[in-house]
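Below is one structure; the comments refer to it alone.
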Amino acid sequence: MTQIMKPYAIITGASTGIGLELAQIAAREGYDLLVVADEPQIDAAADALRQHGGDVRSVQADLATLQGVDQLIEAAGGRSVDLLCANAGTGTGHAFLEQDVALWRRSIDTNITGTVYLLQRTLRQMVERNAGKVLITGSIAGFIPGSFNAVYNSTKSFINNFADAIRDELKDAEGVTITTLMPGATDTQFFARAGMLDTDVGTREKADPAKVAQDGWDALMAGKAHIVSGWKNKVQAAAAHVTPASILADQHRSMAEPGSADEE
């Protein structure tokens, strides 16, 4: 008797936050999963995901490196990838001139280099089969000059733009879709890891990562090009397209400057 294979999904940055919520949805929808993060918590996340009955494998890999991406691809064991959620990312709070080179370089290497390499390797396979769905986690931050988060916002600007470009390049690849999820501030570990808990944006109410993930999933399944999650973020994204960069940067300063959480 021939065993029917379940669809297969790879989800990066899946130990917490939006990535974990995307993995939860995929597991409930009947996907076998390969989940990855650069921290040991990914194994506990995989254990929790197995309650949905699918095959769930985890790999701890540093997706800021090409070797880490290769490790992830190797862990798939040659299995065809039906869905990729390229969600891994890391932030950089505080003033740029005060940041260690290792900090801002890791953000660039994770958010850009590792993501682009993973997309190239996975999309080549999808285009050969004329089948596959990709969800890329960008951000409305990519529309805004990010004072006191300058490197992170710039990496998301790259990702938003890059996704638009490759979507057009691959528009003749029937069955392959690329969706960009663009959330705003979301209730994840991002702000703690970026050292932004003393900022206005770090302390204000944020979006539910489960809601953000569901918005992204729904757009992905519908084959949409983009989804800005949350009506306030939609307004902010629209305004960013017509507001001078100097004003946007100053507005971002008021949210992200260290100590802004204490200001009236």
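Which one is surrounded by the fewest Cβ atoms within 10 Å (Cβ to Cβ) among residues in segment 222-241 that are in contact (Cβ under 8 Å) with a residue 40 or more places away in the chain and in a helix (DSSP H, G or I)? Let's see the steps before the verdict.
Within segment 222-241, the first condition is being in contact (Cβ under 8 Å) with a residue 40 or more places away in the chain, and the residues that meet it are 223-230, 232-233, 236-237, 240-241.
If we keep only those that are in a helix (DSSP H, G or I) as well, we get 232-233, 236-237, 240.
Details: Lys232: 13, Asn233: 19, Gln236: 18, Ala237: 20, Ala240: 18.
Among those that are in contact (Cβ under 8 Å) with a residue 40 or more places away in the chain and in a helix (DSSP H, G or I), it is Lys232.
Of all residues in segment 26-39, which are under 23 Å from Gly77 (Cβ atoms) and assigned to a helix (DSSP H, G or I)?
Answer for segment 26-39, where residues must be under 23 Å from Gly77 (Cβ atoms) and assigned to a helix (DSSP H, G or I): Ala26, Ala27.
Go through segment 105-118 and give me each residue that's over 16 Å from Leu22 (Cβ atoms) and of a type outside the set (D, E, K, R). Quick ask: steps written out before the conclusion?
To start, the set of residues in segment 105-118 that are over 16 Å from Leu22 (Cβ atoms) comprises 105-114, 116-117.
Result: Ser107, Ile108, Thr110, Asn111, Ile112, Thr113, Gly114, Val116, Tyr117.
Taken together, Asp215, Asp198 contain a single residue that is modelled with pLDDT of 95 or more, of a type outside the set (A, V, I, L, M) and closer than 28 Å to Gln41 by Cα, which is Asp215.
Condition check: in contact with a Pro (Cβ under 9 Å, 6 or more places away or on another chain) and either crowded, with 20+ Cβ neighbours inside 10 Å or farther than 18 Å from Leu83 by Cα (or both). Does Gly216 satisfy that? So Gly216 fits the description; yes.
So, Gly195, is that one out of contact with any Lys or Arg (no Cβ under 8 Å at 6 or more places or on another chain), under 17 Å from Ala141 (Cβ atoms) and part of a loop (DSSP other than H, G, I, E, B) or not?
Numbers: out of contact with any Lys or Arg (no Cβ under 8 Å at 6 or more places or on another chain): yes; under 17 Å from Ala141 (Cβ atoms): yes; part of a loop (DSSP other than H, G, I, E, B): yes.
Considered against the rule, which asks whether it is out of contact with any Lys or Arg (no Cβ under 8 Å at 6 or more places or on another chain), under 17 Å from Ala141 (Cβ atoms) and part of a loop (DSSP other than H, G, I, E, B), Gly195 comes out as yes.
I want to confirm something. Restricting to segment 242-264 and keeping residues that are among the β-branched types (Val, Ile, Thr) and open to solvent by 60 Å² or more (accessible area, probe 1.4 Å), which single residue is modelled with the highest pLDDT? It comes out as Ile247. Just to be sure before I move on: is Asp164 acidic (Asp, Glu) and either in contact with a helix residue (DSSP H, G or I) (Cβ under 7 Å, 6 or more places away or on another chain) or over 30 Å from Asp250 (Cβ atoms) (or both) in the structure I sent? No; evaluated as a whole, the condition is false for this residue. Mind checking whether some residue in segment 40-57 is under 17 Å from Ile136 (Cα atoms) and either open to solvent by less than 60 Å² (accessible area, probe 1.4 Å) or not in a helix (DSSP H, G or I) (or both)? The answer is no, given that none of the residues of segment 40-57 is under 17 Å from Ile136 (Cα atoms) and either open to solvent by less than 60 Å² (accessible area, probe 1.4 Å) or not in a helix (DSSP H, G or I) (or both).
The values are calculated or read from the model by the stated rules, or taken from the named source; none is laboratory data. The model shown is predicted, which means the values in this text are computed figures rather than measured ones. Here Cβ is always computed from backbone atoms with ideal geometry, including for glycine, and neighbour counts include all displayed protein chains. These accessible areas exclude ligands, DNA and RNA; they are computed on the full protein's heavy atoms, side chains included. Shrake-Rupley method; radii C 1.70, N 1.55, O 1.52, S 1.80 Å.
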